[in-house]
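Reading through the structure tokens given below for one structure.
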Amino acid sequence: MAFQNIIFANFYKLLKATLRSDPESQATAENFILEERLPPAREERYGVFVNSPGNIGPWRGRHDKYIRNHVYLNKGLPETFADENLPNFWPGLEETQYLLRLENLHSALKLAKEDKEILKVFQLCEKFLQDRRHPVYLDFVEEFFSSWNAGRDLRPTFAGFWGEVKGSFDNNLDNDDPDWPNQVRDRFGLGHYDPQGGEPIPILLLRYRLSEVNDLVGKNGSAGIPTVLDGDMSPFFGPTPANHQCGQALDLSPGNDYNFYCEIIHRRIDFRPEHLYRVGWINQSPGKTCQKARFIHFQFLEADLKFFGEISHS
């Protein structure tokens, strides 16, 4: 497990105390306690930022500072893909398979510094999908994606696999399962995409081959299994046991069934118009609460998480 060394005693004490906090904070602390995949060099670097945070408020601020200094970079190599993180690289994946990435259109427009009406942009993207060769729609999407890419940093990209959601789609756009945005969100554990009874969330679904990622640096250094130090603190993240060969998203799908859907992090690539696969609206909350999904998820992993007994999900 992570942060077991005596030099992290103050931080570990905070983690244990946070287990008695609100559910979201508790889940965040659980993730750090159960993490098994951090190389010592990454632990030590993180420890400099959180040696005595006091409570979860300052801890969140220091985590954010760490991420922006070492992972969410504008230039250089995020430590996620440095040699020290080699045990979490994922070599040997079939290059021809498709990856999927779900993006909030609001966030994309903000990064693109586009002062355009959301609905108008959504409709133009929709028209592009209906006729990808139409010069007006193609020019618009090309310009939008170019501005968006210019505003993006080099942070690791979380993605899922096409094979795990393709049943929701048809070659004919009109024949897709109309609930696909909620289904993809749930299967990939993206619980922060929650309209909570308010306005639906406009999303872009991007599809691209793993080979496009590997073309950046080769098969052995472009993609990997995520850890708690590869992104923002989130209760919807679940650490992957050291003896597992793929990342595992939190399944938020409705009902009592539960499945492990693979997730991956990879180096940043420029998104292009041909990557735009669908646009849609997330109009429902996740099918499972975070607490319920985590309870089932970790019960399945209990035998593989060495310190599971320290966590109570009753």
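No lab work stands behind these numbers, since they all come straight from the coordinates. Worth saying up front: this structure is predicted, and the values here are computed from it rather than measured. Virtual Cβ from ideal backbone geometry, glycine too; neighbours counted across all protein chains shown.
Quick notes on this structure:
- 16 Å Cα-Cα reach of Lys65 towards aspartates and glutamates, excluding residues that sit fewer than 8 places from it in its own chain: Glu43, Glu44, Glu79, Asp153, Asp230, Asp232
- Distance-filtered residues of the range 260-280 - backbone nitrogen under 19 Å, label point 7 angstrom along Ser146 Cα→Cβ: 269-276
- 32 Å Cα-Cα threshold exceeded, pairs from Lys113/Lys292; Lys75/Lys116; Lys110/Lys288; Lys75/Lys288: Lys113/Lys292; Lys75/Lys288
- Remark: Lys16, Lys127 ranked as Lys16, Lys127, counting other beta-carbon atoms within 10 Å and listing the fewest first.
- Modelled spin labels at Leu124 and Phe295, positioned 7 Å past Cα toward Cβ, are 4.7 nm from each other.
- Spatially proximal lysines relative to Lys166 (Cα-Cα < 17 Å; intrachain offsets below 8 disregarded): none
- Applying 1/(1 + (r/R0)^6) with r as the Cβ-Cβ distance of His244 and Asn283 and R0 = 45 angstrom yields a FRET efficiency of 0.85.
- Extension gain for Gln196-Lys166 works out to 8.2 nm (0.36 nm per residue, less the C-alpha to C-alpha distance).
- For the chain, the 222 nm mean residue ellipticity estimated from helices alone, with every DSSP H stretch of n ≥ 4 adding -39500 (n - 2.57) and the total spread over all residues, rounds to -11000 deg cm²/dmol.
- For Lys13, the aspartates and glutamates whose Cα falls under 14 Å of its own Cα, not counting residues fewer than eight places away in the same chain, are Glu30, Glu310.
- Residues whose placed amide H lies under 5 Å from that of Tyr277, excluding near-sequence neighbours: Leu205, Leu206, Arg207
- Distance from the Cα centroid of the range 81-106 to that of the range 227-291 is 12 Å (rounded to whole angstrom).
- Rough spin-label spacing in nm, given labels placed 7 Å along Cα→Cβ, for Lys113 and Asp64: 2.2 nm
- Of the GluC sites (Glu not before Pro) found in the range 1-102, those in coil by DSSP whose Cβ has at most 16 other Cβ atoms within 10 Å are Glu94, Glu95.
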